[in-house]
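Undergrad: First the structure, which I've put down as C-alpha cells, then a few questions once you've had a look.
Please treat every number below as a calculation from the coordinates, not as lab data. Just so it is clear, the model here is predicted, and its values are computed rather than measured.
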Amino acid sequence: PVFFAELNDILYFRADDGIHGEELYQYDLSTGQASLAANIRPFEESSNIEKVVAYIGKIYFPGRDGIGSAKYLMVYDPADQSVGRLQDMDGERAWDAFDPFVFNGELFFAADFSVEGDELGKYNSNTDQIDFVADLNPTGDCNPSQFVEADGKLWFLATTGQAYGNLCMYDPQTD
C-alpha cells in the first residue's frame, strides 16, 4: 500500500492484492476491514494510481483507465462507488496528470494541456471542470511539482524557460 488519504473514517490508498493489480483500496478505520474500492482497469495489470487526495467528499488521483500509459486526473465517489475522468472546459481530459494538491479550497495539479504542454491546472468544483492556470514555459513544458502551501500562497518547482527547477508561486489573491 502507498499514497494514503482519509475521508469519513475510511483510508483510501493504492495497493496490489495479487489479483487485480495496483488499484484503489479502502480500509475502514472503525471496523478494521480492508477491501477493493474500485477496479479501474479490469483484466489489466493496474491503473497505476499515484498520490491519492481527499477533496470535497471524493477521492482524486492520477491513474490509467484504458489502454496505454497516459494518466488522467480521476475521481472516485464513495457515495455511488463510481470512477471517472475529470474534463476541462472544452470537454477534454487532462492527461499525464500528476501531483494533485489541495490549496485554498481548490485542487491543483500538473497535466499535459494539449496546446500549452505540461503546465499547472486546477479543478473547479463549482463547474466540475478542469481549468488551465498559467503557461509558465511558453517554449516548452514547465512540469510543476513539489507543491506546498506557505504564507497563503502555493509554492512549487517548475521550468520557466530560463532554467530548470525554479521556485514558483501562485497567489490566489492576484491569480
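Undergrad: For the chain, set up a GNM with springs between Cα atoms under 10 Å and report which of Asn48, Asn39, Asn126 has the largest fluctuation.
TA: The residue with the greatest mean-square fluctuation here is Asn126.
Undergrad: Under a straight-distance cross-link criterion of Cα-Cα below 16 Å, which aspartates and glutamates are reachable from Lys153, leaving out those fewer than 8 residues away in the same chain?
TA: Glu106, Asp171, Asp175
Undergrad: What number, in percent, do you get for the relative contact order of the chain if the mean sequence gap of Cα pairs under 8 Å and at least 6 apart is divided by its residue count? Numbers along the way, then the final one.
TA: Values: 421 pairs, mean separation 19.3, N = 175.
Relative contact order for the chain comes out at 11 percent.
Undergrad: Follow-up. In whole Å, what is the distance between the alpha-carbon centres of region 132-175 and region 53-79?
TA: If you average the Cα positions of each part, the centres end up 23 Å apart.
Undergrad: With springs only between Cα atoms under 10 Å apart, run a GNM on the chain and tell me which of Gly105, Gly165, Gly121 wobbles the most.
TA: Comparing Gly105, Gly165, Gly121 in the GNM, the peak value goes to Gly105.
Undergrad: On alpha carbon coordinates alone, what is the Rg over Rh value for the chain, Rh being the Kirkwood radius?
TA: On the way: Rg = 16.4 Å, Rh = 16.7 Å.
Result for the chain is an Rg/Rh of 0.98.
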